[in-house]
Amino acid sequence: MKNITEIKNIFNIEETIDLANTLDAGQSFMWQDISKREKIIFEGYFEDIKLHLEQKLNYICVTVFSDNYDGNFSSRLQKYLGKPLNKIQGFEVLLKDKIISPVIKKYPGLRILRQDPWEATIGFITSSCSNLPRIKKHMTQLRNVTGGIFPKPEDILYLGEDDLRKLGFGFRSPYIINAAEIILNENLSFDHLEKVPYEIALNDLLNIHGVGRKIADCILAYSLDKKDSFPVDRHVLSGLIKWYGLPKKTNPVFASNFARKKFGYLSSYAQQYIFHRQRLASRALLWGGKHRSFAIDNDIS
DNA sequence: GTCCAGGGTGAAA
DNA sequence: TTTCACCCTGGA
């Protein structure tokens, strides 16, 4: 049913951002691809306000379905959308990497998001041993339970494990409860994690039951701006083995430490590009194949 | 319809 | 250090 009281506000973000590969390729599970015909549009929420982001050549057209936002909304949204690699000091090092360099040239508009850490934590706990469509479905359902506003830790506890299981979270349900408890008991503060170095933030996150190294690294990289985090999932692991000479049976923690040492503060970008290369390689679409990217090559070429 | 595997983790061998 | 169960569902 169409909501006749729906208010639309439109503004543009005058920057090149590759929406599809930034919002809808594993960093976030909060965006739905609602593209039709030639238009690339993603629907999602920022600060619990419903948005449409439409991919234009050199900018993003933002439609806000609310009147309830302030003058700094746009700049906070820009911060959420992160920075392109070429705005990171010393990024040229990655151009010298034979594996990463061609992917950078293909996807210069790929960014690292700065999501809300609480939402990211729930999202990545949910991602464990699941797949993209299902994770997104769960995240959407969870948001809908609380009327379009993403549930706070207290809402999660109010829901309880049984209701989470009914929503389909399965064995991840108690993990989500535990995350909420740890936040409410003030044993973990995301504001604090943002300020401390990677290692300390990592150890704090590992206290959440159901958060291991991979999920912690995702939270650190994609919501807490820890650019020296390098999440290793099965795809990235096989990429590292295939392209960087790691032994066949390397475990993910060793691989992550190896990559962090190699890429330093460019780790999260390096990881995304290796992930994309592996993702495309596995679909045999990399060179010359059809793919969805409306990124415009500006000053990286 | 049935079968399998999916961006992992924690506990038990 | 290695193996296994854990929930559930999209896609073959």
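Here r is the Cβ-Cβ distance between A:Ile200 and A:Asn144 and R0 is 51 Å; the resulting FRET efficiency, rounded to 0.05, is 0.90. In chain A, the DSSP-assigned H stretches of four residues or longer account for a calculated mean residue ellipticity at 222 nm of -13000 deg cm²/dmol, using -39500 (n - 2.57) per stretch and the full residue count as denominator. Taking all protein chains as shown and a probe of 1.4 angstrom, A:Trp243 keeps an accessible surface of around 60 Å². Per residue, the accessible area of chain A comes to 49 Å² when a 1.4 Å probe rolls over the protein heavy atoms. May I ask for the longest run of chain A untouched by GluC sites (Glu not before Pro) that are loop-located per DSSP and have at most 10 neighbouring C-beta atoms (other than their own) within 10 Å? Free of exposed loop sites, the longest segment is A:39-185. Computed over segment A:93-147, the range of Cα coordinates on each principal axis works out to 47, 22, 16 Å, biggest value leading. Taking max minus min of the alpha-carbon positions on each principal axis, segment A:117-223 gives extents of 37, 28, 22 Å, largest first. Per the Debye formula on identical point scatterers at the alpha carbon atoms of chain A, with no solvent, log10 I(q)/I(0) at q = 0.10, 0.14, 0.16 Å⁻¹ is -0.55, -1.13, -1.46. In a DSSP loop and with at most 10 other Cβ atoms within 10 Å, the trypsin sites (Lys or Arg not before Pro) in segment A:1-68 are A:Lys2, A:Lys8, A:Arg37. Electrostatic tally near A:Gly148: other residues with Cβ closer than 10 Å to its Cβ, Lys and Arg +1, Asp and Glu -1, net +1.
Fully extending the segment from A:Arg134 to A:Ile41 would add 31.5 nm, taking 0.36 nm per residue of separation and subtracting the current Cα-Cα distance. Using the Karplus relation 6.51 cos²θ - 1.76 cosθ + 1.60 with θ = phi - 60°, the per-residue 3J(HN,Hα) values for segment A:102-110 come to x, 6, 4, 5, 6, 10, x, x, 6 Hz, with x marking Gly and Pro. Shape summary: segment A:4-81 maps onto an equivalent ellipsoid whose semi-axes, from the alpha-carbon gyration tensor, are 18, 14, 13 Å in decreasing order.
Label sites at A:Asn9 and A:Tyr158, each approximated as a point 7 angstrom past Cα along Cα to Cβ, lie 2.6 nm apart. Taking Cβ atoms as reference points and 11 Å as the exclusive limit, the residues near A:Cys218 contribute a net charge of +1, counting Lys and Arg as +1 and Asp and Glu as -1.
Between A:Trp243 and A:Phe258, the contour length at 0.36 nm per residue exceeds the Cα-Cα span by 4.1 nm. State the Cα centre-to-centre distance between segment A:154-224 and segment A:239-270 in whole Å. Here the two parts' Cα centres lie 25 Å apart. For A:Val253, A:Val64, the ranking by accessible surface with the largest value first comes to A:Val253, A:Val64, using a 1.4 Å probe. In this Cβ point-charge picture (+1 for Lys and Arg, -1 for Asp and Glu), segment A:117-223 has a dipole of about 600 debye about its Cα centre. Surface composition of segment A:4-81: carbon and sulfur atoms hold 46% of the protein heavy-atom accessible area at a 1.4 Å probe. For segment A:148-162, the Karplus equation 6.51 cos²θ - 1.76 cosθ + 1.60, evaluated at θ = phi - 60°, returns couplings of x, 9, 4, x, 7, x, 5, 5, 5, 5, 5, 4, x, 4, 4 Hz by residue, with Gly and Pro reported as x. Using the basic label-point model (7 angstrom from Cα toward the beta carbon), what is the A:Asn185 to A:Tyr69 distance in nanometres? Distance between the two pseudo-spin positions: 3.7 nm.
The values are calculated or read from the model by the stated rules, or taken from the named source; none is laboratory data. Please read these numbers as outputs of a predicted model, since none were measured by experiment. So basically every Cβ, Gly included, is an ideal-geometry build from the backbone, and we count neighbours across all protein chains shown. When the accessible area is computed, the model is the full protein with side chains, heavy atoms only, and any ligands, DNA or RNA have been set aside. Shrake-Rupley method; radii C 1.70, N 1.55, O 1.52, S 1.80 Å.
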